[in-house]
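Novice: Before I ask anything, here is the structure I am working with.
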Amino acid sequence: MSRIRILFLLAGILSLNNPAAFAQGAGIEWDTLNKEVMRLYRAGDYKRATVIAEKALKVAEENVGPAHPDVATSLNNLAALYKAQGEYAKAEPLYKRSLDIKEKALGKDHPDVATRLNNLASLYEAQGEYAKAEPLYKRSLEIWEKALGPDHPNVAISLGNLADLYRAQGEYAKAEPLYTRSLAISEKALGKDRPDVATTLNNLALLYRAQGEYAKAEPLYTRSLAISEKALGKDHPDVATTLNNLAGLYRAQGEYAKAEPLYKRDLAISEKALGPDHPDVATSLENLASLYRATNRPELAKPLEARAAKIRAIKR
């Protein structure tokens, strides 16, 4: 059985602080570094982005002290990059510190607080800690609906992520209406060719696949893939995720000839973008190995399985 990969909707790795309340920011150098972090993040170059994000955090702390909202922004950005690379233990304390700073500076019902809650929840979900994630997603949704209105893109983010959580736990009836509402909001507010729309399409397709509704899932995957390739480039990690999931759909139906090139392309992108020891690389190796075994090629499967096992054994 192939492993799927989900895409998480984050409320942007850069958030805006309140300029009226915090007129003295971390400075031009910090702002320039943050913009470069965003550029590299969107390009899927997480390793270079991490180096610059670490520098941005240092600059912010030196310029405005450890409890300023700009420091919270840098902490959030760096945490998002660690999470994207599977370094969950490094990400958690940064997300928590970012959340604490924002709550103290802006109040517990501020939209920036909701951003931190959402992103911390996504970290817990990525590790299967659903009981920790759910109340954070719900609180994030409540804050954004109250502060921004029910049709804001950030509301779509919370709805989509809460839907992911329910899908992962097999609560499909709870998940589907949240996905469809999230998709409708995103398409209306952002347009039909945006990465957030691609993410929701991918994850709704996962829901249909889990229920055996392959005919519903395939067009969603293919549309998600087309959007991601156009918006992010053909070598972006999000493209790899959708390739993996579409390949899994074909494999589930015995269409191995369609699945194999997608798995191989997924693996190549993931290794290049995420590094050879990332958990997503292990997933790609396991899925390609599974396909080789299903097509009576165990000699090709064994080295992939051994390498995946070594990656899984790494403590994070």
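Readers should treat all values here as calculations from the given coordinates under stated rules, not as data from a laboratory. Being a predicted model, the structure only gives us computed values, none of them experimental. All Cβ positions, glycine included, derive from the backbone under ideal geometry; neighbour counts span all protein chains shown.
Novice: Express in % the proportion of alpha carbon pairs of segment 130-205 at distances exceeding 19 Å. Provide the component values of the computation, followed by the final result.
Specialist: Details: 853 of 2850 pairs.
Counting every Cα pair in segment 130-205, those more than 19 Å apart make up 30 percent.
Novice: Normalise the Debye intensity by I(0) for segment 20-71, one equal point scatterer per Cα, no solvent, then take log10 at q = 0.25 Å⁻¹ and round to two decimals.
Specialist: -0.88
Novice: Still on this structure: Over the chain, with a Gaussian network built from C-alpha contacts below 10 Å, which listed residue (LEU206, LEU178, LEU246) shows the highest mean-square fluctuation?
Specialist: LEU178
Novice: What residue among LEU232, LEU183, LEU120 has the largest mean-square fluctuation in a Gaussian network model of the chain, using Cα springs under 10 Å?
Specialist: LEU232
Novice: Ok, one more. If I model a spin label as a point 7 Å beyond the Cα along the Cα-Cβ vector, how far apart are those points for ARG297 and LYS310 in nm?
Specialist: 2.1 nm
Novice: Sum up the lysine pairs in segment 211-316 that clear both bars: alpha-carbon distance under 18 Å and a spacing of 8 or more or different chains.
Specialist: Numbers: LYS216/LYS258; LYS234/LYS264; LYS234/LYS272; LYS264/LYS272; LYS264/LYS302; LYS302/LYS310.
Lysine pair count for segment 211-316: 6.
Novice: Moving to a separate point now. Can you list the lysines whose alpha carbon is less than 18 Å from that of LYS35, not counting same-chain residues fewer than 8 positions off?
Specialist: Once the sequence-local lysines are set aside, what remains near LYS35 is LYS47, LYS55, LYS58.
Novice: Quote the relative contact order of the chain in percent (integer), defining contacts as alpha-carbon pairs under 8 Å separated by 6+ residues.
Specialist: On the way: 467 pairs, mean separation 50.8, N = 316.
Taking the mean separation of contacting Cα pairs over the length of the chain, I get 16 percent.
Novice: Please report the equivalent ellipsoid semi-axes of segment 44-176, computed as sqrt(5 x eigenvalue) of the Cα gyration tensor, largest first, in whole Å. Mind dumping the intermediate values first?
Specialist: Details: eigenvalues 135, 67, 27 Å².
Each semi-axis is √(5λ); the values are 26, 18, 12 Å.
Novice: While we're looking at this one, here's another question. Please give the residues of segment 295-314, grouped as numeric ranges, whose backbone N is less than 18 Å from a label point set 7 Å along the Cα-to-Cβ vector of TYR256.
Specialist: 295-305, by backbone N distance to the label point.
Novice: Now, a different point. Please work out the Cα convex hull volume for the chain and give it in Å³ per residue.
Specialist: On the way: hull volume 37.9 nm³, N = 316.
It is 120 Å³ per residue.
Novice: A further question follows. Over every pair of different alpha-carbon atoms in segment 203-316, take the mean of 1/r and invert it; report that Kirkwood radius in Å.
Specialist: Working: mean 1/r = 0.0696 Å⁻¹.
One over the average 1/r among Cα pairs gives 14.4 Å for segment 203-316.
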